[in-house]
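Worksheet for the structure shown next.
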Amino acid sequence: MQSKTKDLVPILEVNNLFASTENLPILKGVTISVNPGEIHAIMGRNGCGKSTLSKIIAGHPSYTITKGEIKFTGRDIRSLEPEVRAQSGIFLGFQYPIEIPGVSNLEFLRVATNARRKFLKKEELDTFDFEDLVKEKLDLVKMDSAFLSRSINQGFSGGEKKRNEILQMALLEPKIAILDETDSGLDIDALRIVASGIKKISNEETGIILITHYQRLLDEIKPDYVHVMSEGQIIKTGESDLALELEKHGYEWTDNCSKQL
Amino acid sequence: MQIIEEIKKNRLISNPSEIQKLCLDKLKLNPLPNIKSELWRLSNKSKFSSFLDYSHKKKESKVSFPYKNTSQNIIRLIIGENTFINIKQETYSIRQSKDSEIVDYIKKNISAFDQTDHWSDLLNHCLSSKKNILGLNISGNKVPPIEILSASSSESFNAKTLILFFEKNCKVDLLQINLGNENSSLSQTTYLCLEEETSVNHGVVSYGKNKSNLLNSLNVLQKTKSEYNLGSLHCKFNYARFEIRINQLEGDAKTIIKGIQITKKDEQIATYTKMQFNGPNGILEQLNKSLAEDKSHAVFEGTIIVPKIAQKTDASQLSRNLLLSKHAKIDTKPQLKIIADDVKCKHGATISQLNEEEIFYMRSRGLTLEEASKLQLSSYLQEIISCIPVSKDKWDLLDKLLKEN
């Protein structure tokens, strides 16, 4: 499938990526390219390697790349530490955001925002300036400022955790955001809030990968491309109507594609 | 072990007081603790010897509080240096205990002391001179925060004793600082007696310098409807031992204990707690944390005793430990001795390393490994530090100690 913006330098290129954890192969030749302004959706059965792909792009140390490459704005990032990837503009929205008791959400967000700002050669923010910024971003995800004084994700409901992820995305202004099942566990209203937040943050220069099981998120955020993953590979790519077909027929419909590969 | 030799040869003190005589008599036959007992078996022998190798006869040097006083409203005392205190205000009073009160109280305690269980106290009373015993009677529900400093002098063994009687309905924040100077040993014994309906928030911060040692013993008696909260931090000692014994005399009282010990290099720091319920409806919440780096060794042993009379006791004891090096060692043993049949008691222990998923989460937001680890460690400490009754932002020293860890 041809990119709609083929003349641009891709933000992210994953080429024939093989990866494993504890000698167990999980990714078996994934290729995907995301250009500025594009929204991609990755769908697939549980355990097909979607979350692994997202973690490997973010630099999770538990996985080993055995073959292939990952390029971010044209640069091979395989040897970069996770924090360097994050500082340079890769954002992973976690499927299960981690609770960190005792670490203040506000302080964590400030340190993270300043790490990104430092990379962008912007002035780092002191506590007061940061509070002004974060309050402005809180409106995007309709979060109460009381969340800032709590420990990271501790005692947050599922929906609050996901909104906190989008708040972080808004503060970090990434070049590419990979959102791993951001819609899971959200009720209809929370889904709309999160989707609206994502749409407001994204622009012509950012790329977004949505990992999801459900059409309902894609009703809110229309993807340019939909990829179907199975057993560590992307077995089918199409436009947004591919998600509707999957919703209609289920993953069995794509099983033949897998067999043909 | 200079001090032990002197006890054996009866040359420890030239003019012993009544209390010193009593304790020397108790120690003369067995001057050392039983190293095979549960309470002493993990004690590092060579470090324990070095603890006893300093002279107690040297002149003590003057010490000062290691941080600024940011409030006029704090009462500060240094054991061994305050000659007299007598404050009587409308809402509270603090008066120095009479010598006879102190002697009677210590004598009563000594008579019940077992040599193994209370070896640290017996040694303290052998060596603690009248000048180094501070006794206070405190009353009132608007007592200003009290800070009490105990320190050892370089190249010396110093013994200090603190006895605080909290009268009925008394409410107070008490911060105790034990400071070990270079090449020294400090023996600190503390008694707190909480009358009915008292509430004491007690912070104990003990930190040493190069090759300093500490034997810190805390004995607390709680009467009914009293509430005792203890937050403690022990760090930077070559060898330190914190013994806590709390007795809810008639039950119906509440005890909260939160403590942390941080060990580095080849240090050994141990905490032993014994919680005794002697009446019904007692409550205990206890959390002890250890953080061990390099080749250090941290020890925690906690015992909760619930006899038949202590029905409806509700006690929990948790030991959480963080190993930051493969050469460091942590021993932990929370234990329950329950005879009563209608109680809620739970205990547990965990030993772990820094949580990798938490670290990755923070790194995926741009924090370096070092920043993420520091933030996680600071949160690990914060849970305990927040229980010490002085906010860390007002306290330069604690802030410095935390940043160093």
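Quick note: the coordinates plus some simple rules give every number you see, no bench work behind them. Source: prediction; values computed, not measured. A quick note on method: Cβ atoms are made from the backbone with ideal geometry, for glycine too, and the neighbour counts reach across all protein chains shown.
Worth a mention:
- R0 of 30 Å, Cβ-Cβ distance A:S149-A:Y96: FRET efficiency to nearest 0.05: 0.85
- 3J(HN,Hα) along the range A:206-216: 9, x, 10, 10, 9, 9, 8, 9, 10, 5, 4 Hz, from the Karplus curve 6.51 cos²θ - 1.76 cosθ + 1.60 with θ = phi - 60°, whole Hz, x for Gly and Pro.
- Averaging Cα coordinates gives a centre for the range A:22-79 and one for the range A:129-200; these two points are 24 Å apart.
- Cβ-to-Cβ counts within 10 Å put B:H297, B:H125 in ascending order as B:H297, B:H125, the fewest first.
- Separation of alpha-carbon centers, the range B:75-147 and the range B:257-324, rounded to whole Å: 25 Å
- For the pair B:N141 and B:E101, a Förster radius of 22 Å applied to the C-beta separation gives a FRET efficiency near 0.50, rounded to the nearest 0.05.
- For the pair A:L120 and A:K200, label points projected 7 Å from Cα toward Cβ lie 1.6 nm apart.
- Local charge for B:D266 was computed over the other residues whose Cβ lies under 12 Å away, with Lys and Arg +1 and Asp and Glu -1, and equals +3.
- All C-alpha pair distances within the range B:2-249, sorted into 5 Å bins from zero, spread as 1, 6, 14, 18, 20, 18, 12, 7, 3, 1, 0 percent across the bins.
- Integer Hz, Karplus 6.51/-1.76/1.60 couplings in order for the range B:18-28, x for Gly and Pro: 4, 5, 4, 4, 4, 6, 4, 4, 5, 8, 4
- Taking a straight Cα-Cα cut-off under 14 Å and skipping sequence neighbours fewer than 8 places away in the same chain, the aspartates and glutamates within cross-link reach of B:K36 are B:D117.
- Close amide H partners of B:I309, meaning residues 5 or more places away or on another chain with modelled amide H under 5 Å apart, do not exist here.
- Per residue of peptide A:113-119, the mean number of Cβ atoms on other chains within 10 Å of the residue Cβ is 2.
- Helix-derived mean residue ellipticity, 222 nm - over chain B, DSSP H n ≥ 4, -39500 (n - 2.57), to 500: -6000 deg cm²/dmol
- Residues B:M1, A:M143, B:M362 arranged by fewest to most Cβ contacts within 10 Å: B:M1, A:M143, B:M362
- Extending 7 Å from the Cα toward the beta-carbon at both A:E22 and B:E371 defines two label points whose distance is 3.2 nm.
- Residues whose amide H falls under 5 Å from that of B:T303, counting only those 5 or more places apart or on a different chain, are B:T273, B:K274, B:M275, B:Q335, with hydrogens built in the peptide plane.
- DSSP H segments from chain A that extend 15 Å or more along their own axis, Cα-based, with Kyte-Doolittle mean of -1.0 or above: A:105-119, A:127-138, A:158-172, A:188-201
- For B:L214, the residues whose amide H sits under 5 Å from its own are B:L186, B:Y239, B:A240, B:R241, ignoring neighbours fewer than 5 places away on the same chain, with H placed 1.01 Å from N.
- Gained length - B:S386 relative to B:E5, 0.36 nm times residue gap less alpha-carbon distance: 132.9 nm
- Rounded to the nearest whole Hz, the Karplus-based 3J(HN,Hα) values (6.51 cos²θ - 1.76 cosθ + 1.60, θ = phi - 60°) of the range B:152-168 follow the sequence 9, 9, 4, 6, 10, 10, 10, 10, 10, 10, 10, 10, 10, 9, 9, 6, 3, with x at glycine and proline.
- Counting Cβ atoms of other protein chains within 10 Å of each residue's Cβ and taking the mean over peptide A:101-107 gives 5.
- Residues B:L215, A:L191 in ascending order of nearby Cβ atoms (within 10 Å, fewest first): A:L191, B:L215.
- The protein assembly as shown: Rg to Rh, with Rh as the Kirkwood radius over Cα pairs: 1.09
- Dipole magnitude for the range B:2-249: computed about the Cα centre from +1 point charges on Lys and Arg Cβ and -1 point charges on Asp and Glu Cβ, it is near 620 debye.
- Here's the list of aspartates and glutamates a cross-link from B:K265 could span, going by alpha-carbon distance under 13 Å and ignoring same-chain residues fewer than 8 apart: B:E293, B:D294.
- Chain A - mean residue ellipticity at 222 nm from DSSP helices (-39,500 (n - 2.57) per run, n ≥ 4, rounded to 500): -10500 deg cm²/dmol
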